Structures are given as structure tokens and as C-alpha cells.
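First the structure, in the form of C-alpha cells, and then the observations on it.
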Amino acid sequence: MRVFTEQCRTKMGVACQVLLLVALPILLSLSTVTFAQQPDSGQSPEQLATVCAACHGIDGNSTTTIWPKLAEQHASYIARQTRMVRDGQRSVPVMLGIVAGLSDADIDKISGYFAEQQIKPGVADEDLVALGKGIYQSGLPAKGVPACQACHGPVGNGNPASQYPMLAGQHADYTAARLKSYRSGVINGEDDPYSPQMVLIAENLGDHEIEAVSSYLEGLYDQRQ
Ligand code: HEC
Ligand code: HEC
């Protein structure tokens, strides 16, 4: 660029300098585009969501119970988790190839789409409800487990402002697997402020307690107002 500018000044005069003034900003902006993140694909939210449908269902209701339902989940939570998977902070090997090329703008669109779908609630196991409800509403004080509802809300709606996900209606198998993962200390990248909160909560839960609270949560959806 410097050689070109020099030649322009010395040999070719005013016309060239005018050209340069016009061309330079365009060249610079082109190079910014080239190095910036993936641009918005221009596809509609529903078109984009079809690549997620094989596992999460096109209406956000997965049929395999170890794959989470995304329907009605907070858009900001879906987007944050999807970005963490894309950026290698949350390890979901089967999903990585699908999200690797997505821009932030497309992830926001997909997340908004799933947040607007309706969750198909499940049912709780009657034998586990009493224990599960007790843990959810009051925690296990003797073991240092706090009440889940303190953060996730009395009917499991969560709180998007604090990144507390909705838990009501989620597959019990997924919830239990997630709690066991937190219990074993798995967090989403070193700087993540959210997953360490759940590690501290899950570390004192036993297998049976995890099963009970997860089952209670799957049936909790119907109690929402
Ligand atoms: C091949 C299957 C597969 C595909 C396709 C897939 N996912 Fe996933 N996804 C998973 C699995 C499995 C998990 C749960 C991993 C775990 O247990 O931590 C998951 C978890 C998630 C979570 C975390 C949910 C929560 O409650 O924490 C989000 C958000 C998510 N996926 C979004 C997406 C989006 C958006 C797409 C499409 C762009 C997509 N997934 C495509 C398999 C898939
Ligand atoms: C201090 C607040 C707090 C309390 C109390 C709390 N949680 Fe959480 N929970 C969070 C946060 C923050 C996240 C998001 C963590 C992340 O991004 O990985 C979360 C995530 C979860 C998830 C993952 C959901 C998903 O879709 O992947 C489950 C399951 C969960 N909590 C269950 C529980 C249960 C059961 C209890 C009670 C024993 C509980 N939580 C108590 C803050 C809390």
C-alpha cells in the first residue's frame, strides 16, 4: 500500500490521489470483513434450527431422553450454552460439528426460535415425588444442599437475568446426567461463573436423591401458573 501511495504522489498526480481516497476505505473495510467472525447467514430461524432437529426435535422436544428439550428454555441460556459448545468450553462431541460454523447472530436466531416453542411436559414417578419435592423446595440442610427453588424458582421457571435455566418439564434422564456431571466437578471453561455454582450444589447429592429431584422436575411443569 505504501509503494502505491508513493507512486501516486510522485508520478500520477491528482486523479490518482482522488482514486486512492475513494479506494482506501473500501479496501480497509474489505479486509475487516475478511477477518471478522462468520457473518449472519441470512437464513430464517426455522431454517437454521433444522440442523438441531435430529437430536432436539424441530419443536424443541427431543424424543431421546438423554438429549435435552430446548422448547421454552430462555433464549439467553440456549445461546450461551450453544456458544460454549462451539467454543470448546462445554464438551458435547456429537454436537460440535453442527455448531462449529455458526455465527453469534445465527445462534441468537436459533435460540429465539426454540425459546418460543412449547415444551411437552413429562410426568414424575409417584414413588420419588415426596423426596424430590422436599429437596427442590427445602434442600437437604443436614448435607449442606440448598433449596433448588431459591435460584430456579418455585415452579422451575429459572431466571434468565441470572442464567438460571428453566428445569420444569425437562427429561429426568438428562437432568440426572447433568447433575452427576456437575457432581464430578465438570465446569464450562475456567472463567465460567455459572457452572461452578452447580458443582457446589451437586457435590453433596447422592444417586437416589438426584434421581428423585430429576423425576420431580420432569413432572413439575404442570404446576406452573
Ligand atoms: C447429534 C445430536 C445433536 C445435535 C444435532 C445438536 N445437539 Fe445440542 N445437544 C446434544 C446433546 C447430547 C446435548 C447434551 C450434552 C450434555 O449432556 O451435556 C446437547 C445440549 C445442548 C444444549 C444445552 C441445553 C441445556 O439445557 O443445557 C443446547 C443449548 C443445545 N444442545 C443446542 C443445540 C443447537 C442450537 C443445535 C443446532 C444448531 C444443536 N444443539 C444440535 C446433541 C445435539
Ligand atoms: C445458587 C443458585 C442455584 C441453586 C441453589 C441451584 N442451582 Fe441449578 N443452576 C444454577 C446455575 C447458575 C445454572 C447454570 C449452570 C451452567 O451454565 O452450567 C444451573 C443449572 C442447573 C441444571 C442444568 C440444566 C440444564 O438444562 O442443563 C440443573 C439440572 C440444575 N441446575 C439443577 C439444580 C438442582 C436440582 C438444584 C437443587 C439441588 C439446583 N439446581 C440449585 C444455579 C443454581
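Laboratory data are not the source of any read-out in this text; all were calculated from the coordinates shown. On a predicted model such as this, the values are computed, not experimentally measured, just so you know. Backbone-built Cβ (ideal geometry, glycine too); neighbour counts: all protein chains shown.
Label region 149-223 by shape, choosing from rounded, prolate and oblate, from the square roots a ≥ b ≥ c of the eigenvalues of the Cα gyration tensor; if a/c is under 1.5 it is rounded, and otherwise prolate applies when a/b is larger than b/c, oblate when it is not. Intermediate values should be presented prior to the final figure.
Values: a/c = 2.08, a/b = 1.21, b/c = 1.72.
Because a/c hits 1.5 or more and a/b fails to exceed b/c, region 149-223 counts as oblate.
Against the 2.2 N^0.38 Å scaling, with N counting residues, where does region 57-108 land? I'd like the Cα-based Rg ratio to two decimal places. Intermediate values should be presented prior to the final figure.
Details: Rg = 11.0 Å, N = 52, 2.2 N^0.38 = 9.9 Å.
Here the Cα radius of gyration is 1.11 times the empirical estimate.
Under a Cβ-Cβ cut-off of 14 Å, what is the net charge of the residues other than SER62 that fall near it, where Lys and Arg count +1 and Asp and Glu count -1?
On the way: positive: LYS69, LYS120, ARG178; negative: ASP59, GLU72, ASP173, GLU218.
My count for the surroundings of SER62 gives -1.
Chymotrypsin sites (Phe, Trp or Tyr not before Pro) within region 159-194: which are DSSP loop residues with at most 16 other Cβ atoms inside 10 Å? Please report the intermediate quantities before stating the final value.
Working: sites: TYR174, TYR182, TYR194; in loops: TYR194.
Hits after loop and neighbour filter: TYR194.
Between the DSSP loop rule and a limit of at most 16 other Cβ atoms within 10 Å, which GluC sites (Glu not before Pro) in region 71-173 are left? If you can, show how the numbers build up before the last one.
Values: sites: GLU72, GLU116, GLU126; in loops: GLU72, GLU116.
Sites meeting the loop and neighbour criteria: GLU116.
Just to confirm the filter: which GluC sites (Glu not before Pro) across region 170-225 are DSSP coil and have at most 16 other Cβ within 10 angstrom of their Cβ?
Working: sites: GLU190, GLU203, GLU209, GLU211, GLU218; in loops: GLU190, GLU203.
In loop regions of region 170-225 (DSSP not H, G, I, E or B), the sparsely surrounded GluC sites (Glu not before Pro) are GLU190, GLU203.
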